[in-house]
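Asks: The structure follows.
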Amino acid sequence: MQDDSEGGFGVEIKSFKNNYRILASRAQVKVAVGSGIALLGSIYDVDTEAAVVRTATGTFAADKRNVLTGSAGVSLEMGPDTELTLEGLIGNGTAGGRVGVYGGSLDGFLSANLIYHQPLLTTAEAILNKGRTARRRQPPGLGACGAASRAAT
């Protein structure tokens, strides 16, 4: 805070014994543009390779893909150690937003984020299915308990 600019980057590698790998790299930047105002930006690149992934339809398939997501926004300094951030999020077929607040003192700090529709990029299934969960469709003619429904005669 106090009109500061900063940047950072990182890489995360996950490998599992069933030939399932995730390589995620990220970079973020904060550029001060005036008294108490900064521009925010980040980019997140995820490569997945999985021998077997469950699709949204319930079938299994091999999958290899690259997903690029990011965010852009503004940071507003509300006091010496207090900051409000507003960001737009986009990636993997979804768009959303994030509102964050940070407050600090010599005794401690508070940091909270409210996130709406952030792309889910933690597993190959989530990336393949765009973060959606599989819903089972009930075949026609079956009731709520799965028993065949009968027409009243």
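Asks: Considering the stretch 33-45 alone, what residues qualify as being in a strand (DSSP E or B) and surrounded by fewer than 16 Cβ atoms within 10 Å (Cβ to Cβ)? Break it down stepwise before answering.
Replies: Going through the stretch 33-45, the residues in a strand (DSSP E or B) turn out to be 33-34, 37-45.
Within the stretch 33-45, Val33, Gly34, Ile37, Leu39, Gly41 meet the criteria.
Asks: Does Lys30 satisfy the condition of being farther than 22 Å from Lys130 by Cβ and surrounded by 11 or more Cβ atoms within 10 Å (Cβ to Cβ)? First the steps, then the outcome.
Replies: Details: farther than 22 Å from Lys130 by Cβ: yes; surrounded by 11 or more Cβ atoms within 10 Å (Cβ to Cβ): yes.
So Lys30 passes the test.
Asks: Separate question: Can you spot a residue in the stretch 65-81 that is assigned to a strand (DSSP E or B), among the basic types (Lys, Arg) and within 18 Å of Asp4 (Cβ to Cβ)?
Replies: Filtering the stretch 65-81 down to residues assigned to a strand (DSSP E or B) leaves 65-79.
From the residues that got through so far, the ones that are among the basic types (Lys, Arg) too are 65.
Still in the list and also within 18 Å of Asp4 (Cβ to Cβ): none.
No: the stretch 65-81 contains no residue that is assigned to a strand (DSSP E or B), among the basic types (Lys, Arg) and within 18 Å of Asp4 (Cβ to Cβ).
Asks: Still on this structure, please answer the following. If you scan the stretch 1-27, which residues turn out to be in a loop (DSSP other than H, G, I, E, B) and surrounded by 12 or more Cβ atoms within 10 Å (Cβ to Cβ)? Spell out how you get there, then give the answer.
Replies: Quick first cut of the stretch 1-27, residues in a loop (DSSP other than H, G, I, E, B) only: 1-5, 17-19.
Passing the criteria: Met1, Asp3.
Asks: Within the stretch 91-101, track down each residue that is in contact (Cβ under 8 Å) with a residue 24 or more places away in the chain, assigned to a strand (DSSP E or B) and either surrounded by fewer than 17 Cβ atoms within 10 Å (Cβ to Cβ) or among the aromatic types (Phe, Trp, Tyr) (or both).
Replies: Initially, the stretch 91-101 is screened for residues in contact (Cβ under 8 Å) with a residue 24 or more places away in the chain, giving 91-94, 98.
Filter once more, keeping what is assigned to a strand (DSSP E or B): 91, 94, 98.
Matches in the stretch 91-101: Thr94 only.
Asks: Based on this model, can you work out whether Gly41 counts as of a type outside the set (S, T, N, Q), more than 17 Å from the chain's Cα centre (by Cα) and closer than 21 Å to Glu6 by Cβ?
Replies: On the way: of a type outside the set (S, T, N, Q): yes; more than 17 Å from the chain's Cα centre (by Cα): no; closer than 21 Å to Glu6 by Cβ: yes.
So Gly41 fails the test.
Asks: Based on this model, can you work out whether Thr48 counts as under 24 Å from Lys130 (Cα atoms) and either surrounded by 13 or more Cβ atoms within 10 Å (Cβ to Cβ) or in contact (Cβ under 8 Å) with a residue 24 or more places away in the chain (or both)? Write out each step before concluding.
Replies: On the way: under 24 Å from Lys130 (Cα atoms): yes; either surrounded by 13 or more Cβ atoms within 10 Å (Cβ to Cβ) or in contact (Cβ under 8 Å) with a residue 24 or more places away in the chain (or both): yes.
Yes: the conditions hold for Thr48.
Asks: Taking Thr57 as meeting all but one of (1) part of a strand (DSSP E or B); (2) surrounded by fewer than 19 Cβ atoms within 10 Å (Cβ to Cβ), write down the number of the exception.
Replies: (1)
Asks: I'd like the full set of residues that are surrounded by fewer than 16 Cβ atoms within 10 Å (Cβ to Cβ), among the hydrophobic types (A, V, I, L, M, F, W, C) and touching a residue at least 40 places away in the same chain (Cβ under 8 Å), limited to the stretch 62-77. Walk me through it before giving the result.
Replies: First, the residues of the stretch 62-77 that are surrounded by fewer than 16 Cβ atoms within 10 Å (Cβ to Cβ): 62, 64-66, 68, 72, 74, 76.
Narrowing the set further to residues that are among the hydrophobic types (A, V, I, L, M, F, W, C) leaves 62, 68, 72, 74, 76.
Once the filter is applied, which keeps residues that are surrounded by fewer than 16 Cβ atoms within 10 Å (Cβ to Cβ), among the hydrophobic types (A, V, I, L, M, F, W, C) and touching a residue at least 40 places away in the same chain (Cβ under 8 Å), the stretch 62-77 yields only Leu76.
Asks: For the stretch 80-94, name all the residues that are at negative phi and modelled with pLDDT under 90. Write out each step before concluding.
Replies: Narrowing the stretch 80-94 to residues at negative phi: 80-90, 94.
The answer is Pro80, Asp81, Thr94.
The values are calculated or read from the model by the stated rules, or taken from the named source; none is laboratory data. Source: prediction; values computed, not measured. Virtual Cβ from ideal backbone geometry, glycine too; neighbours counted across all protein chains shown.
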